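In what follows, a single structure is set out as structure tokens and then discussed.
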Amino acid sequence: MGWEALGLWGKDATRIEPLAGGVANDVWSVRIRGCLAVARLGTRNNADLAWETKLLQHLDGEGLTVPLPIPTMDGRFHADSLVVMEYLEGGPPETKADWSRVAKTLRRLHQLTQDWPQRPGWRSSIELLHTDTGTKINLNKMPPEGVARCRAAWARLNGHHTCVVHGNPANPSNIRMTADRVGLIDWDEAHVDVPDLDLVLPHNAGDLVGVNREIAERASAAWEATVCWDDDYAKKRLAEVQGD
């Protein structure tokens with residue numbers, strides 16, 4: 001059905017313009033029932049989108065600023081790989097103090113989701129020590145030496161507790177800040193993993209120190225290399241994953 005599914009949100013639902021930043025998805029600003037919103041059309045299945053929309057509703061109920069999913073006219077939060085969410089006002093973090101506020105918000109996310117189930121089809125970095133695939137990752141497409149380096153980095157996370165991680169909070173375009181709140185958008189890569197992966201932030205705002213910072217930075221670089229493989233950015237990140 002594709003974008004025709006937008007009509008399920010109302011006969012006056014209309015696309016306005018494409019938004020920057022969508023790589024795996026087609027993302028547009030839309031008008032739904034007279035209000036500005038954001039629509040994302042991708043290839044995820046119902047179970048994947050149900051996990052994401054349920055998570056966002058939970059986080060909103062706990063006081064975090066996230067884009068709430070907007071239901072269709074018959075009450076569904078996604079239809080034919082299309083999801084529509086509230087538009088969040090705000091700008092990106094610019095200073096060390098801004099990024100410290102982002103880190104505080106991420107820690108709250110981690111606290112609220114310590115028992116959350118894994119996103120269907122996804123694998124955590126620790127689980128990828130023993131399996132080769134998980135939604136956006138296929139280690140079989142990487143050179144064996146690169147896979148070995150990534151797994152060596154992830155192995156050092158073994159024994160750490162897990163929770164929901166945003167997946168890409170160091171990208172300023174995924175943050176919407178105002179004077180009184182920090183909003184997190186683009187939950188397409190959220191999944192259950194080790195929280196330190198979310199805290200590799202500009203200015204070391206996550207306050208990672210010593211060996212913990214080194215472990216998190218290598219593991220984060222390994223994750224980004226595998227998720228994006230094999231574009232130039234992925235190869236650059238893999239080069240940052242040093243073998244032991």
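The values are calculated or read from the model by the stated rules, or taken from the named source; none is laboratory data. Bear in mind the structure is a predicted one, so any value in this text is a computation, not a measurement. When we count neighbours, we look across all protein chains shown, and the Cβ atoms used for this are built from the backbone with ideal geometry, even at glycine. Quick note on the areas: whole protein, heavy atoms, side chains included, nothing else; ligands and nucleic acids left out. Shrake-Rupley method; radii C 1.70, N 1.55, O 1.52, S 1.80 Å.
For the range 28-40, the set of residues classified as open to solvent by 30 Å² or more (accessible area, probe 1.4 Å) and either assigned to a strand (DSSP E or B) or under 14 Å from residue 88 (Cβ atoms) (or both) consists of 28, 31, 35, 36, 38, listed by residue number.
Taking the range 198-244 as the range and being under 16 Å from residue 99 (Cβ atoms) and assigned to a helix (DSSP H, G or I) as the test, the residues that pass are 198, 199, 202, 203, 204, 213, 216, 217, 220.
Inspect the range 46-55 for any residue being in a loop (DSSP other than H, G, I, E, B), in contact (Cβ under 8 Å) with a residue 12 or more places away in the chain and over 23 Å from residue 177 (Cβ atoms) and give the result as yes or no. Looking through the range 46-55, none of the residues is in a loop (DSSP other than H, G, I, E, B), in contact (Cβ under 8 Å) with a residue 12 or more places away in the chain and over 23 Å from residue 177 (Cβ atoms). Give 59, 112, 128 a once-over and let me know the one that is farther than 17 Å from residue 180 by Cα and touching a His at 6+ places or on another chain (Cβ under 8 Å). Criteria check complete, one pass: 112. Just to verify a result, which residue in the range 172-195, among those that are assigned to a loop (DSSP other than H, G, I, E, B) and touching a residue at least 60 places away in the same chain (Cβ under 8 Å), is surrounded by the fewest Cβ atoms within 10 Å (Cβ to Cβ)? Ranking the qualifying residues of the range 172-195, first place goes to 178. Scanning the range 125-151 for residues that are in contact (Cβ under 8 Å) with a residue 12 or more places away in the chain and within 29 Å of residue 64 (Cα to Cα) turns up 125, 126, 134, 135, 136, 137. Filtering the range 1-27 to residues that are in contact (Cβ under 8 Å) with a residue 12 or more places away in the chain, open to solvent by 70 Å² or more (accessible area, probe 1.4 Å) and closer than 19 Å to residue 167 by Cα leaves only 20. What residue, of 98, 48, is open to solvent by 20 Å² or more (accessible area, probe 1.4 Å) and acidic (Asp, Glu)? One residue alone meets the criteria, 98.
Against the condition more than 21 Å from residue 60 (Cα to Cα) and either touching a residue at least 24 places away in the same chain (Cβ under 8 Å) or open to solvent by 30 Å² or more (accessible area, probe 1.4 Å) (or both), how does residue 154 come out, does it pass? The answer is yes for residue 154. For the condition surrounded by fewer than 17 Cβ atoms within 10 Å (Cβ to Cβ), within 22 Å of residue 200 (Cβ to Cβ), at pLDDT 95 or above and in contact with a helix residue (DSSP H, G or I) (Cβ under 8 Å, 6 or more places away or on another chain), residue 104 does not qualify.
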